[in-house]
Amino acid sequence: MRVRQRDIAHAAGVSQATVSLVVSGRASEGGVSARTQERVRSAMGDLGYVPDPVAQSLRGGRSGLIGVFTYEPVFPATPDDYFHEFLVGIEVAAAELGRDLVLFSSTQRADGSRTIYDRGANRLQVADGSVVLGQQRDEQELTRLAEDGYPFVSLGGYDPVPEAAWVAVDYEGAVRAIVEDLHGAGHRCLAYVRGDDARLPSVARREAFDAATVGDETHRVPLSQLTRDVVEQWIRDGVSAVVAENPTVAESLASTTARAGLRFPDDLSAVCLERPLRSGRTAGWSHLVIPKQEVGSRSVKVLAAILDRDLPADHHGMIRCLPHHLGTIAPVEDRPGRPARPARTDSGRQRTP
């Protein structure tokens, strides 16, 4: 038989309203003494009472649930999936905090995209607050969520909604460190191959590369336009290092350069701005280590701190991303047969030696 709050009230010798205040976490606000609270909790334990988290949420209490909302499918099929380690970090932090997770993923529009507001109602309210994931976000929905005062943390920076809390990766610092290492090896003519998308991590990496290579000669090409002819033209133009935006780009870049008869790092140095595919041909490339588990974990902990009013609802956190160097950055001078590069002025423009 299900134990109800009136049973707890009878066993503890208090009113049902008092039990409700204790269960909802609002006992102190309601003037319930510490001794009475302990008596109610003791009766709950003796009777095996388990609060209904959904009912608590609907009454405005704390359910102990942390929501995870995703704008696109993120559940990983393999460890190489982009969101895999983020989700691991989220789960670990929730367990450390003694919170349960609820994944919101079913509400879809006619076009298959996902929405927070189902027929105008915020479905996330069953949870105390939520972590929002997705490489493509709905700015209007997140703005409305912030205006409604619902606590949430965006996994990844989201400047279009400054009122939102977020935890992001410091791509700018990490990419700058990679470019400095390329400069240190003599590379001043670089190629950047980007994906054919405008997802948040992709845009952040492009902007970081642009900021780090001011004064360099750079060749930028989208993946859809990458061909053997393009790669061969790079060599004629003096390109000595290539940067791949993500693991998919890196694999295509490796295949294309192989068809051109080139090898890494003998003919071109190479860097991927994310961990390459573990089973791919680029597994040994130099790359950035994105602390995804830490980002996922920090997002949950920031949300918990916002719920406890220890952090403001618009808290912004940045986590450093460190470069991880393997064997695909080589000094330009170690490349026999490479055409001499034109000398450069401090402005980065070519001049004749």
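The values are calculated or read from the model by the stated rules, or taken from the named source; none is laboratory data. The shown structure was predicted, so the numbers you read here are calculated from the model rather than taken from an experiment. Quick reminder, even Gly has a Cβ in these numbers, built from the backbone with ideal geometry, and neighbours come from all protein chains shown. The protein model used for the area step is the full one, side chains on, heavy atoms only, and it has no ligands, DNA or RNA in it. Shrake-Rupley method; radii C 1.70, N 1.55, O 1.52, S 1.80 Å.
Screening L145 with (1) under 27 Å from H325 (Cα atoms); (2) part of a helix (DSSP H, G or I) gives one miss only, at (1). Here is the figure for segment 249-303: residues that are under 26 Å from E207 (Cβ atoms) and assigned to a helix (DSSP H, G or I) total 17. Those residues that are more than 19 Å from V332 (Cα to Cα) and open to solvent by 10 Å² or more (accessible area, probe 1.4 Å), I need them from segment 228-247; list them, please. Listed by number, the residues that qualify are R228, D229, V230, N246, P247.
Just one of (1) in a loop (DSSP other than H, G, I, E, B); (2) over 27 Å from the mean Cα position of the chain (by Cα); (3) buried (at least 17 other Cβ atoms within 10 Å of the Cβ) fails for G157. It is (2).
Listed conditions (1) within 25 Å of A250 (Cα to Cα); (2) at pLDDT below 90; (3) not in a helix (DSSP H, G or I) are all met by A340, apart from (1). Summed over segment 199-218, the residues that are free of Cβ contacts under 8 Å to residues at least 40 places away in the same chain and surrounded by fewer than 16 Cβ atoms within 10 Å (Cβ to Cβ) give a count of 4. Return a yes/no flag: does segment 111-130 have any residue that is open to solvent by less than 30 Å² (accessible area, probe 1.4 Å) and within 15 Å of the chain's Cα centre (by Cα). Yes, there is a match, as at least one residue in segment 111-130 is open to solvent by less than 30 Å² (accessible area, probe 1.4 Å) and within 15 Å of the chain's Cα centre (by Cα). Determine if segment 199-222 includes at least one residue that is out of contact with any Cys (no Cβ under 7 Å at 6 or more places or on another chain), within 30 Å of R137 (Cβ to Cβ) and of a type in the set (F, W, Y). Checked against the condition, which is being out of contact with any Cys (no Cβ under 7 Å at 6 or more places or on another chain), within 30 Å of R137 (Cβ to Cβ) and of a type in the set (F, W, Y), segment 199-222 yields at least one hit. Taking the criterion of being in contact with a Lys or Arg (Cβ under 9 Å, 6 or more places away or on another chain), among the hydrophobic types (A, V, I, L, M, F, W, C), under 16 Å from R62 (Cα atoms) and not in a loop (DSSP other than H, G, I, E, B), would at least one residue in segment 19-33 satisfy it? Scanning segment 19-33, I find at least one residue that is in contact with a Lys or Arg (Cβ under 9 Å, 6 or more places away or on another chain), among the hydrophobic types (A, V, I, L, M, F, W, C), under 16 Å from R62 (Cα atoms) and not in a loop (DSSP other than H, G, I, E, B), so the answer is yes. Is it the case that segment 91-103 has a residue that's open to solvent by less than 50 Å² (accessible area, probe 1.4 Å), modelled with pLDDT of 85 or more and more than 17 Å from the chain's Cα centre (by Cα)? Yes, some residue in segment 91-103 is open to solvent by less than 50 Å² (accessible area, probe 1.4 Å), modelled with pLDDT of 85 or more and more than 17 Å from the chain's Cα centre (by Cα).
Every residue in segment 302-324 that is closer than 30 Å to V243 by Cβ and either in contact with a helix residue (DSSP H, G or I) (Cβ under 7 Å, 6 or more places away or on another chain) or among the acidic types (D, E) (or both), please. Spell out how you get there, then give the answer.
Initial filter on segment 302-324 (closer than 30 Å to V243 by Cβ): 316-324.
Answer for segment 302-324, where residues must be closer than 30 Å to V243 by Cβ and either in contact with a helix residue (DSSP H, G or I) (Cβ under 7 Å, 6 or more places away or on another chain) or among the acidic types (D, E) (or both): G317, I319, R320, C321, L322, P323.
Against the list (1) closer than 22 Å to R281 by Cβ; (2) modelled with pLDDT of 95 or more; (3) in a helix (DSSP H, G or I), the condition V221 fails is (3). Considering only residues in segment 307-321 that are under 23 Å from G64 (Cα atoms) and in a loop (DSSP other than H, G, I, E, B), the one that is most open to solvent (accessible area, probe 1.4 Å) turns out to be R309.
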